Amino acid sequence: MASTELEKKPSQAIDPAEEPSVEWGWHGGFPKGTQIAGWFSVVAVLCMLIGNHQGILSGGGHFKMEDVWLIGTAVVLALGLFYDLAKNKRRR
């Protein structure tokens, strides 16, 4: 019988019982890509603070609730990125 491309190739390093996806190809993450995309997102969210949006009056001053949400979102993203970075360093 002729061999085909769909035949399973044996893997020496990883046991398929522990990692079932090893039977059909590469698997893994993109730690550098995650960090780059995450920090780009933080910068993009903070850039949204610049603009012509209006605040609502609260106690005589302007209170910009949208700025609070944007800063909060950026902080949560940054904390997640720091957590991911620390987790990856401990794994090594």
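Which one of THR34, THR73 is among the hydroxyl-bearing types (Ser, Thr, Tyr), surrounded by 11 or more Cβ atoms within 10 Å (Cβ to Cβ) and modelled with pLDDT under 95?
Details: THR73 fails: modelled with pLDDT under 95.
Result: THR34 is the single residue among THR34, THR73 that is among the hydroxyl-bearing types (Ser, Thr, Tyr), surrounded by 11 or more Cβ atoms within 10 Å (Cβ to Cβ) and modelled with pLDDT under 95.
Could you please let me know if ALA2 is of a type in the set (A, V, I, L, M) and modelled with pLDDT of 65 or more?
Details: of a type in the set (A, V, I, L, M): yes; modelled with pLDDT of 65 or more: no.
Spelling it out, it is not the case that ALA2 is of a type in the set (A, V, I, L, M) and modelled with pLDDT of 65 or more.
The values are calculated or read from the model by the stated rules, or taken from the named source; none is laboratory data. Remember, it's a predicted structure, so these values are computed and weren't measured experimentally. Here Cβ is always computed from backbone atoms with ideal geometry, including for glycine, and neighbour counts include all displayed protein chains.
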